[in-house]
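Taking it in order: structure first as structure tokens, then the write-up.
The values are calculated or read from the model by the stated rules, or taken from the named source; none is laboratory data. Every value quoted in this text rests on a predicted model; they were computed, and no experiment measured them. Reconstructed Cβ throughout: ideal geometry from the backbone, glycine too, with neighbour counts over all protein chains shown. Accessible surface areas use protein heavy atoms only, side chains included; no ligands, DNA or RNA. Shrake-Rupley method; radii C 1.70, N 1.55, O 1.52, S 1.80 Å.
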Amino acid sequence: EAMGFIDFAGSTVVHGIGGACALAGVIVIGPRTGRFMANGRAYLIPGHNITLAVLGAFILFFGWFGFNAGSALAANMSVARITVNTILAASSGGLIGMCVFWKLEGKPEVGSVLNSILAGLVAITACCHCVSPVSALIIGGIAGVISSCGTILME
């Protein structure tokens, strides 16, 4: 902290440990059997209940406001900026992510939009207290692009 590092909302710790655990899980479990055809194309494994997936994403989205704004540890004007930045990043992540997926795959997909919204939320969490609303839009949009392109690239 004396050197200027601020771990707002514990983002460094949470995402560092989450990423390391995800990598360890992938290494141990390995690829999903039956996921790919003989020619290398991936089988689509659709979600079983899109309504519940949307509800879950909405609950996460709503809870993120309390998480980000609550991490300010004060009820002052910074809470308004944090809340605005959170909603802008998530919204631009979902919208831009949907457009990118639509352009690359030829159709929009609900799952991609939900993942892009969550990517926008994750991307803005560490800096939501110190960026402008325009920067939040850009950060969320970049996260949406990475989410959509990353999904396609992973296949």
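Of the solvent-accessible surface of region 11-101, computed with a 1.4 Å probe over protein heavy atoms with every protein chain present, carbon and sulfur atoms account for 76 percent. Over the chain, with the other protein chains present, what is the accessible area per residue in square angstrom, probe 1.4 angstrom? For the chain, the per-residue accessible area is 64 Å². Equivalent ellipsoid of the chain: semi-axes from √(5λ) of the C-alpha gyration tensor, largest first, are 31, 19, 14 Å. Placing dummy labels 7 Å off each Cα toward the beta-carbon, the span from ALA42 to VAL28 is 2.3 nm. Peptide packing: for 28-41, 8-21, 112-125, 138-151, the average count of neighbouring Cβ atoms within 10 Å per residue gives the ranking 112-125, 138-151, 8-21, 28-41, highest mean first.
Between LEU73 and LYS107, the simple spin-label model (points 7 angstrom out along Cα→Cβ) gives 5.0 nm.
Across q = 0.20, 0.29, 0.32 Å⁻¹, region 113-155 modelled as identical point scatterers on its alpha-carbon atoms has Debye log10 I(q)/I(0) values of -0.56, -0.94, -1.06, in the order of the q list.
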